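All remarks here apply to the structure that follows.
Where a number appears in this text, it was derived from the coordinates with a stated rule and is not lab data. Because the structure is predicted, anything quoted here is derived from the model rather than measured. So basically every Cβ, Gly included, is an ideal-geometry build from the backbone, and we count neighbours across all protein chains shown.
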Amino acid sequence: MNKKIEKAVSKAKKILSVEVTRKTFLKTLAAGGAFLAFSSNTAKKAFAQNTKSIGPRTRRAVSTDYDLTAVTGKDIEMITRKCVDLLGGMGRFVKSGDTAVVKPNIGWNRAPEYAANTNPLVVATVVKMCFENGAKTVKVFDNTCNDRKLCYVNSGISQAAKDAGATVLYMDDWKYSPAKFLKTDALMQDWPTYRDAIECDAFINVPIAKTHGSGTLTLSIKNLMGTVGGNRGQMHWEMDKKLAELVNFIQPDLNIIDAVNILTANGPRGGNLADVARRDTIIASTDPVLADSYASKTLFNIDGAKIPHIKRSAESGAGVLFSGAANIRVEKI
C-alpha cells in the first residue's frame with residue numbers, strides 16, 4: 001500500500017507542478033475519498049488549493065524598428081503580417097522552441113461580423129507567424145463571459161486557430177494560481193491567474209477594438225482580464241487600478257489590435273450590426289499604453305488620457321501615452 005501511495009503522490013506532483021507532501025496527500029485523500037487520488041481530473045481539483053503562488057511574468061528585451069505600426073487594407077492576413085513586419089518581424093518576439101500564447105478576445109457568443117470578439121483570421125495569421133518563426137507550441141485561450149463552448153465555436157476562433165496549428169484551451173479552474181505581486185498592498189494580490197499566461201516564452205495580446213460600458217473602450221490592456229479568474233464583478237471595482245496592476249504583471253511582449261471591424265456602441269457584447277464599423281486596420285506595438293491610446297484617438301476620437309485604466313497604466317510605468325514624440329509608421333496597402 002505504501003508504494004501505491006508514493007506512486008500517487010508522485011503522479012500528483014507531476015500533474016499539478018507543485019510540491020505535494022505525503023502527509024498532505026493522505027489528509028486530502030482521507031477528506032475527499034480514496035477515489036479522488038486516482039482520478040486525474042478530480043485530483044487536479046482536489047489539490048488546486050495547494051497550488052503555489054505565481055509571480056509576475058518576465059518579458060524579453062526586444063527592440064523594434066518603430067514604437068507603433070498601423071496598416072490599413074482589404075486583405076486581413078496581409079495587413080496583419082505587414083504590421084508586425086514593420087516592427088521588425090515576429091522573429092523579434094518568438095524564437096525556435098518557444099511556447100507562445102496568442103490571447104484574443106473570445107468573450108462573447110457572437111459571430112465574427114458582430115465585432116464582439118477578435119477576428120478569427122487575425123488570430124489564425126498570428127498563430128501561423130509564431131510557427132513560422134520556430135514556436136514549438138502556440139496556445140490560444142480566453143476566460144469567456146458567455147458559455148465558453150459557444151463562444152469558442154461561434155466566434156470562429158477555435159476552428160481558425162486549430163487549423164493554423166494552435167492548441168486551443170479551455171481555462172479550467174485547476175490551472176489557476178494565486179498571483180504574487182511585488183507590492184503587498186496590490187488590489188489583485190492572490191487573484192487567481194491562469195498559469196499558462198505566465199509560463200510562456202512569448203505572450204502576444206490580440207484584442208479587438210470596441211466600446212465598453214464601464215471602461216469606455218476595451219483594447220490591449222482590458223483584454224488581459226481574460227487571463228484571470230475569480231469574481232468578474234469584483235474585477236470591475238476600482239478597475240483602473242486593477243488593470244494597471246495586471247498589465248504590469250502579465251507584461252505582454254506584443255500587442256496586435258484588430259480594427260478590421262470595430263464595435264462603436266453597445267460594447268463589449270454588441271449584437272447589432274448597425275454598431276459595427278469597418279476600418280480594415282491592424283495596429284501593433286510592444287507598448288500596450290501607446291497602442292491603446294493611439295487606437296482610442298484614431299479609431300474612436302477619444303483621448304486615451306481620459307480613459308481611467310489607460311491613464312493609470314501609463315502612470316504605473318506600463319507604457320507611454322500617444323503623442324507626437326512616438327516613432328509611428330502608418331501604411332495603406
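One table, with the values for the structure above:
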read-out: Percentage relative contact order, region 68-332, counting C-alpha pairs under 8 Å, at least six apart; value: 23 percent
read-out: Whether region 177-250 is rounded, prolate or oblate, judged on the alpha carbon gyration tensor where a/c under 1.5 counts as rounded; value: oblate
read-out: Across LYS95/LYS128; LYS222/LYS311; LYS139/LYS242, pairs whose alpha-carbon gap is larger than 19 Å; value: LYS139/LYS242
read-out: Region 197-333, relative contact order [Cα under 8 Å, separation at least 6], %; value: 27 percent
read-out: Built amide H within the under 5 Å cut-off of GLU331, gap 5+; value: ALA70, VAL71, THR72
read-out: Burial ranking of peptide ranges 259-267, 159-167 (average Cβ count within 10 Å, highest at the top); value: 259-267, 159-167
read-out: Under 5 Å, built H, 5+ apart or other chain: amide partners of PHE203; value: VAL101, ASP253, LEU254
read-out: Burial order of peptide ranges 249-255, 217-223, 188-194 (average beta-carbon count within 10 Å, highest first); value: 217-223, 249-255, 188-194
read-out: Centroid-to-centroid separation of region 208-247 and region 59-124 [C-alpha atoms, Å]; value: 20 Å
read-out: In sequence order, calculated HN-Hα J values of region 62-70 (Karplus, 6.51, -1.76, 1.60; Hz; x Gly/Pro); value: 10, 9, 10, 6, 9, 6, 7, 10, 9
read-out: Ordering of 79-88, 101-110, 279-288 by packing [mean C-beta count within 10 Å, highest first]; value: 101-110, 279-288, 79-88
